[in-house]
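No lab work stands behind these numbers, since they all come straight from the coordinates. Computed from a prediction, not measured in an experiment: that's the story for all the values here. We place every Cβ from the backbone using ideal geometry, glycine too, and count neighbours over all the protein chains shown.
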Amino acid sequence: MTEPTEPAEPTHPKLAVDGLHAGYGEAGVLHGVDLVLPSGRIGAVLGPNGAGKSTACKTLVGLVRATAGTIAIDGRDITTAPCWRRARAGVFLVPEGRGVFPGLSVEDNLRLMVSRSTDLASVYERFPVLGTRRRQHAGSLSGGEQQMLSLAPMLAEPTEMLIADEPMLGLAPRISDQILAVFDDLRVRGTTILLVGESPHGIVDIADQVSLIHAGRMTWSGPAADLDRTVLEQAYFGHDAAGPPNESVSCAGRANISPADGSPS
């Protein structure tokens, strides 16, 4: 009887970005961004407002054209591929401001993404509030409920790679914990996740690796466990920022850095 063999490690990372430049017209926003995210990991890209985070998300999925550099998924160059081809490759974006159709009901939004009734039932089981408000227009939901609605189809039919732009923005702590649990669940099920945001709170706790972006350039990358307060303050406020070294950043240190503490707008 043949013994089962362990699955081979992926030859290529799920996402590999090399020297990426992008912008709008003649206004450059990204200036040589590099990023590598192995398959099945959660990566975080953090930075102040205006650093180029949303432009990076849009460029990865093809909504903004790259002017230089390369983007590869599983070793396949998708730099010039249209949005629909990237979607077929399993790359999915939850944009800033929630990716829902506000004029449609909660259930109609879900049926656009979830094909089976059993999957729809599993979404309502995971997020009972969506089941309660299934006939309600999505635009009338709270910000946290809209974020649940944006992510719910991923639980039913996980994608290969999920990019979430500002997924924790404006969420109450209780809702934030539920959203973070969804990301953790998706990682266990094999989805590679890139979380992009201004605040590190919560995101750093579940991320395997972190990259800091400022003025369209990556200023630091490494394991999430190596991110400390000094590195973070320098990324947000410049190299003259003072702070006690080697203080780790996590949900337990919510007072450390946040948009309300004075990060650039």
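Results, tabulated for the structure shown:
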quantity	calculated
Label corresponding to Rg and Dmax of the Cα atoms in Å when calculated from the structure given, among (i) 17.6, 53; (ii) 18.8, 65; (iii) 19.6, 62	(ii)
Solution diffusion estimate, µm²/s, Stokes-Einstein, the range 1-138, Kirkwood Rh from C-alpha pairs, 4 °C, viscosity 1.567 mPa s	73 µm²/s
Simple label model, 7 Å out from Cα along Cβ direction - Thr67 to Ala87, nm	2.8 nm
Shape parameters for the range 123-166, alpha-carbon atoms, Rg then Dmax in Å	11.0, 30
Selected from Pro38, Pro173, Pro200 as most flexible by GNM, with the chain as the system and alpha-carbon contacts under 10 Å	Pro173
Ala121 versus His12: modelled label distance in nm, points set 7 Å from Cα along the beta carbon direction	4.0 nm
Shape category assigned to the range 104-196 from the gyration tensor of Cα positions, a/c cut at 1.5	oblate
Cα centroid of the range 123-193 to Cα centroid of the range 70-88, whole Å	25 Å
Estimated Rh, the range 14-83: Kirkwood, alpha-carbon pairs, angstrom	12.3 Å
